[in-house]
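> Would you mind keeping the following structure in view while I ask a few things?
The values are calculated or read from the model by the stated rules, or taken from the named source; none is laboratory data. These numbers come from a predicted model, not from an experiment. Please note: Cβ atoms are built from the backbone with ideal geometry, for glycine as well, and neighbour counts cover all protein chains shown.
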Amino acid sequence: MCHLADAIALLRVSQRSLHHLEVAYEEEPFLRKGLAASDDVYTEIDMASIALHKQGQR
């Protein structure tokens, strides 16, 4: 999970950088979609991890 969180953080920094560059305006929507997808995957993995942990405690 740590590696995924690091990757998402790097994407967020890249997104902010692209937002300030007029040259890269075409890439920003794709970066936003990639970041949203990464966030969704992170959440799914996190929720699955919590569910597995709860099953193990029964």
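> Does residue 53 fit the bill of being surrounded by 12 or more Cβ atoms within 10 Å (Cβ to Cβ) and of a type outside the set (A, V, I, L, M)?
no
Condition check ((1) surrounded by 14 or more Cβ atoms within 10 Å (Cβ to Cβ); (2) outside any loop (DSSP other than H, G, I, E, B); (3) modelled with pLDDT under 80) across all residues:
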site	(1), (2), (3)
9	no, yes, no
15	yes, yes, yes
18	yes, yes, yes
23	no, no, yes
39	yes, yes, no
44	no, yes, no
